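The values are calculated or read from the model by the stated rules, or taken from the named source; none is laboratory data. Everything numeric here is computed off the predicted structure, so don't read it as measured data. Every residue, glycine among them, receives a Cβ derived from its backbone with ideal geometry; neighbour counts consider all protein chains shown. Ligands, DNA and RNA are stripped out before the accessible areas are found, and what is left, the full protein with its side chains, is counted by its heavy atoms. Shrake-Rupley method; radii C 1.70, N 1.55, O 1.52, S 1.80 Å.
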Amino acid sequence: MQGRALRLLICRPLSPAGDEAAASAEIERALAVGRAAEADMAVLPELMLPGYGVEEMATHAQAPDGPWIADLCQRAKQAGCGLILGYAERDGTQLFNSAVAISAAGKVIGHHRKVQLFGAREARLFAEGDGLSSFDLGNLHVGLLICYDVEFAHHVRALALRGVDLVIAPSANYDPQVTDRLLPAQAITNGVMIAYVNFAGTEGAQFYCGESAVVDQRGAFLARAGAAPGMLIVDLPVPELPTAVATHLTDHRDL
């Protein structure tokens, strides 16, 4: 099928490491490039606010109705470019590793709390999420996962059964094999496109491999970055037979 369904700006910065002014500047840069490139959505990594490696997460975390999200909505509207990024969410006494999707009109259209926490550190800092999020963006149905979530087939499958065409996963990962092997396998198995958006460089003891990528439903790379910071502009194709995979998975749900 001819034409593009969506234009993504994939941003792979260094982690701001708790420097909220640096994070804000990086987000502003992404939105400026997104506007110039006529992107539908700019995507930044997991815990872009305040930075993945921050230990004092509780001193930074904010509620979804706090100043971070209000500011991001205003900036996305001014740029005319949507925005997806990870942030430390506060809900009462609990913290969540969350991602928010904001439309080009400045409205929150998707929100996800990481369900598959990675290792003892994340389990110490955050509570587990208990659900999945999907939303319409242009003529695609889009699901959000965060980093380690996408490595578990049942999460990707659950989104595919909702009719999701594209999974977007802000990440903070050190292992390039996720991009090399796992993303194509998940895309092929579940018939979805996957956009995986990772940090580059280091943050204290944390190392990030970069290797942000977008794969199509056949597991082919539509775009792939290396280890260095930078940005990619990716045009996603209109999906072929978008409901066929969901029907197939439903028919074989007991296998």
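Tabulated data for the structure shown
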read-out	value
Scan of segment 165-191 for residues that are part of a loop (DSSP other than H, G, I, E, B), touching a strand residue (DSSP E or B) at 6+ places or on another chain (Cβ under 7 Å) and over 17 Å from A17 (Cβ atoms), ordered by number	D165, D175, P176
Positions within segment 9-26 being assigned to a helix (DSSP H, G or I) and either polar (S, T, N, Q) or buried (at least 24 other Cβ atoms within 10 Å of the Cβ) (or both), in sequence order	A23, S24
Out of S103, S98, sole residue that is surrounded by fewer than 24 Cβ atoms within 10 Å (Cβ to Cβ), within 18 Å of A195 (Cβ to Cβ) and not β-branched (V, I, T)	S103
Enumeration of residues in segment 120-164 that are of a type in the set (D, E, K, R) and open to solvent by 10 Å² or more (accessible area, probe 1.4 Å)	R121, R124, E128, D130, D136, E151, R157, R162
Count of residues meeting criterion [buried (at least 24 other Cβ atoms within 10 Å of the Cβ) and part of a loop (DSSP other than H, G, I, E, B)] in segment 192-218	3
Residue identified as at pLDDT below 95 and either of a type in the set (V, I, T) or over 30 Å from G51 (Cβ atoms) (or both) among A246, A220	A246
Inter-residue pairs, beta-carbon under 8 Å, first within 18 Å of Y208 (Cβ to Cβ) and in segment 11-34, second among the acidic types (D, E) and open to solvent by less than 60 Å² (accessible area, probe 1.4 Å), 6+ apart	C11/E26; P13/E26; L14/E203; S15/E203; P16/E26; A17/E203
Meets criteria (touching a strand residue (DSSP E or B) at 6+ places or on another chain (Cβ under 7 Å), modelled with pLDDT of 95 or more and more than 29 Å from G201 (Cβ to Cβ)) for H141	yes
Odd one out for G230, checked against (1) farther than 21 Å from D40 by Cβ; (2) surrounded by fewer than 18 Cβ atoms within 10 Å (Cβ to Cβ)	(1)
Subset tally (residues that are in a loop (DSSP other than H, G, I, E, B) and either open to solvent by less than 40 Å² (accessible area, probe 1.4 Å) or touching a strand residue (DSSP E or B) at 6+ places or on another chain (Cβ under 8 Å) (or both)) for segment 32-88	19
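Okay, residues lined up against (1) in contact with a Phe, Trp or Tyr (Cβ under 9 Å, 6 or more places away or on another chain); (2) at pLDDT 95 or above:
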position	(1), (2)
M1	no, no
A5	no, no
E20	yes, yes
A30	no, yes
D40	no, yes
E46	yes, yes
